[in-house]
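One structure is given here, and the rest of the page talks about it.
None of the figures in this text is laboratory data; all of them are computed from the coordinates on show. The structure presented is a predicted model; accordingly, all values stated were derived computationally and were not measured. Neighbour counts are summed over all protein chains in view; Cβ atoms, including those assigned to glycine, are modelled from backbone coordinates with ideal geometry.
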Amino acid sequence: MKIKDTLHLGHTNFPMRGSLPKTEPTREKQWEDDHLYEKRLDLNKNKAHFNLHDGPPYANGNIHIGHAMNKISKDIIVRYKNMTGYNAPYVPGWDTHGLPIEQQLTKAGYDRKSMSKADWRRLAHDYALKQVEMQKRDFKRLGVLGEWDNPYLTLNPEFEAAQVRVFGAMAGKGYIYRGLKPVYWSWSSESALAEAEVEYHDLESTSLFYANRVKDGKGVLDNDTYLVVWTTTPFTITASRGITVGPNFDYVLVKPKGQTSKYVVAKALLEENAARFGWKEPEVLATYKGIDLDKITVEHPWDKNITELVMNADHVTLDSGTGLVHTAPGFGEDDYNVGMKYGLPIDMTVDSKGYLMKSAGSDFEGKFYDDVVPLVIEKLKKAGLWLATEKIKHSYPFDWRTKKPIIWRAVPQWFVSIEPFRKEILDQIKDVKFYPDWGEVRLYNMIKDRGDWVISRQRVWGVPLPIFYAEDGTPIVDEKLIDHVADLFAKHGSTYWFEHTAKELLPDGYTNEHSPNGKFTKEEDIMDVWFDSGSSWSGVMQERSYLDYPADVYLEGADQFRGWFNSNIITSVAVNGIAPYKSVIAQGFVFDDKGQKMSKSLGNIISPNDVANQMGTEIVRLWVMSIDSSQDVHVSKDILKQVSESYRKIRNTMRFLLANTEDFDPKKNSVAFSDREPIDKWMTADFNQFIKDWHEKMGRYDFYDLFKQLINFVSNDLSAFYLDVAKDIVYIDEADSSERRSMQTVFYEISVKLTKLLTPFLPHTAEELWENLKEPEAYAYLSEAPRFEKLADADNLLKDWDYFFKFRDLVNKELENAREKTLIGKNAEAALQVTLTEKQMEVFDHLQLDIRKLLMVSQLKETKGQETKVEVTHASGQVDPRDRLYHDDIGADTKFPMFSKKNAEIVEHDFPDLTSEQLED
């Protein structure tokens, strides 16, 4: 008889290596063919609803690792909710309008100007749908379940109609208006931008210092005095109409040594500017407050027909410059506000493409705005007004799509007025739960400080602004007319707007007091795409009766505090007075392991498709679980390899559990909790607490803590202790012994329950495990997640076991010391002489612990004393190859005759170096 024939070395069809890249696609197809998503929802049809509303990714290009983090996180939450008593559908969506798609058409060789708007839109429509299908395939490959055959698309007629009705409702409340004011203007896109479409990068600009001669000093300043002005946008001097000072700042009138001219500059900035301009010993002639200079006039640097006004405003700072800021009301929000207060004209000198117009003057007409800087400097020098030029590097707004710097430019635009309902939004934010909690402050401050929302775009591919103009130019913003347009869009789609005249779009015979003859024109601009996705609470939740509004949760990147989170709450509160979400989860950005943003040029892009094909989707999903996504996260090939090691540990631990319950029938062999062995009772209670903690962490959407809990449980509670002790029972005891069946009961319970808990995170692996379990449901996903159970006296049980683990820590420390002294190798070579306190003896006796077996040493003797002591010596006797322990009575075992004394030599000859690893194999 061979040794392994006397051992119960289990077997399982669950392989050590999962061959994930090969098996996952087959499993995903099986889920689709078996309608697994629909079956789960059917089981939950009478349960409470849970709605995670999907923020739509943009339909352009392959998905990246950030997309994967986002979609997998949502899938984890939805799967978990479906397994814990909720009906949680998942409707994926796509943002399908906007400039990037138009740019792709241009790159493909299509000429926008050579075709009608309707034809151009049809090309964009078809391109968007192709991108949706490509990304849909990629998301499904991540193991994400949802309504893939019925997603929401912002280009769908029903969505566009709902969006237009939101616009109409806001117009009906007076929140929509048309105005001429500076907006973020992208000359590279030839369109206005919303704040959410702007990102900031460092930019080198020309900082220019020049002088304006006083024209009317109002009795405060003489006409031979100059105000020293500062600007970082020299091209806007062509539209300069004023100079702004801080009302409470001190300004000094100085005369540099050797000069006849006098200059005004902020007192706090005199010293640095004197050095900058080369002024020698500037004499201070007088000091004024900014308010003293109010409404003084000065000459424009080169156009004597223009008079500029000195104004007071609080936006002026003394951080840099001169304390006197050049002001062009058409080129900046602060400039506009102070200009409107003082009644200045709004003059525009730059066209939509960034080129200066005739109004800028013949010297500048037709030149790109950034190329006129040397011409401006030359003109100032000729006028004797130039003082200094410097290059500064500062953070500057860029078009997030074209990656080109923007300018501020005043053009007629349509706006949402935030002020009338700003307080309502802020009050609603206070009732929303944020994960992490700093999200509340971020969104609150963004709403508190944001200006009006510019919603018109000078593009083609988007939802048209449903506005008509009367014969006299009056805009018609009528909710009933807008609802009429919405009905047309619901039936025909929004391209219908560009295929028909205003008369054809209006109700038959429509007239009003501004156009009694019924002559109207229509708006040609489209809506900001953030209004598209920002209306999704209406276009999705209110359009689908099985989705609750407000949603239980929105989950997106932290940049969406200025994007989707922001636009959704504005429109929802504007129309219905409530936030569209009860909770918001914000995730950080994904960087490489060096902290660099991922880009093709750096070669650090990681494609989730590549990882799935090389390592398996489960590795990506476990990576998502392993990161603290509440802040910026890192990923690299090395990081993913580390994740794969964690996956292997989880997989092989589960494999061990399965293998050692091969001969276990849960219906026949299960042992009740009260009858289980002491160590099995502890493991049951410990795992029960694990389940409780698991649900608490999932309640906070804290995947990172869950991952740490999982790895700690698998590596320490299971592998390093319980399963190590278990080998000497499940391998060696008689097959049907009560001790072995007790342990197998726990093995099986953990196998089933842990598989269920892992299903939302590692669904491919969980379903593979499920196929090797003896459970009635066809899929793990069709089962219910395990719940915390009230086990008899479990709290006291765990507390008592803590005494043992503290004692075990002390023993392990001494065993390690003995190893360092080469006194022993493995624990099995040790004999222990331990002194236990009365309390320890009392607890250990109460628990009926076999201390020697739990410590996995060969011999142990106990004595009682005042303090715990441990003495380690080498064990005596010979090694029994079955349990790998030293025994003084090696031949006394009558259960297995081959280990009699007379056969000892044969055993030692046949198995001289038998190890636990060889036994497992």
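Just a few scattered comments:
- Separation of alpha-carbon centers, region 492-535 and region 221-241, rounded to whole Å: 45
- Taking every C-alpha pair closer than 8 Å and separated by at least 6 residues, the mean separation divided by the residue count of the chain gives a relative contact order of 14 percent.
- Mean separation of Cα pairs under 8 Å and 6 or more residues apart, divided by the residue count, gives region 203-393 a relative contact order of 29 percent.
- Taking a sphere under 13 Å around the Cβ of Phe415 and counting the other residues whose Cβ falls inside, with K and R at +1 and D and E at -1, yields a net charge of -2.
- Rounded to the nearest 10 degrees, the inclination of helix 617-626 to the longest alpha-carbon principal axis of the chain is 80 degrees.
- Helix-derived mean residue ellipticity, 222 nm - over the chain, DSSP H n ≥ 4, -39500 (n - 2.57), to 500: -11500 deg cm²/dmol
- Lysine pairs within region 298-383, Cα separation less than 27 Å, 8 or more sequence positions apart or different chains: 15
- Placing pseudo-labels 7 Å out from each Cα toward the beta carbon at Phe788 and Tyr177 gives an inter-label distance of 5.4 nm.
- DSSP-defined antiparallel bridges as percent of all bridges, the chain, nearest 5: 70
- With R₀ fixed at 60 Å, the C-beta to C-beta distance from Arg819 to Lys433 puts the FRET efficiency at about 0.75.
- Placing a pseudo-label 7 Å from each Cα along the Cα-to-Cβ vector at Thr106 and Phe368 gives an inter-label distance of 1.4 nm.
- Using alpha-carbon coordinates, inclination of helix 703-712 to the longest axis of the chain, degrees: 20
- In Å, descending, principal axis extents of the Cα set of region 203-393: 46, 34, 31
- Fraction of the pair-distance distribution of region 628-775 above 20 Å, Cα-Cα pairs, percent: 51
- Region 1-147 - percent relative contact order, Cα under 8 Å, separation 6 or more: 32
- Straight Cα distances below 23 angstrom link Lys45 to the lysines Lys74, Lys81, Lys582, Lys756, with same-chain residues fewer than 8 positions distant left out.
- Angle in degrees between helix 738-758 and the longest Cα principal axis of the chain, rounded to the nearest 10: 10
- Sites Glu771 and Thr260, calculated FRET efficiency, Cβ-Cβ separation with R0 56 Å, nearest 0.05: 0.05
- One chain, two ends: Ser738 and Ser320. Fully extended at 0.36 nm per residue, the span grows by 142.2 nm beyond their Cα-Cα distance.
- Matching label, Cα extents along the principal axes in Å computed from the structure shown, candidates [x] 114, 63, 49; [y] 121, 78, 49; [z] 100, 71, 62: [y]
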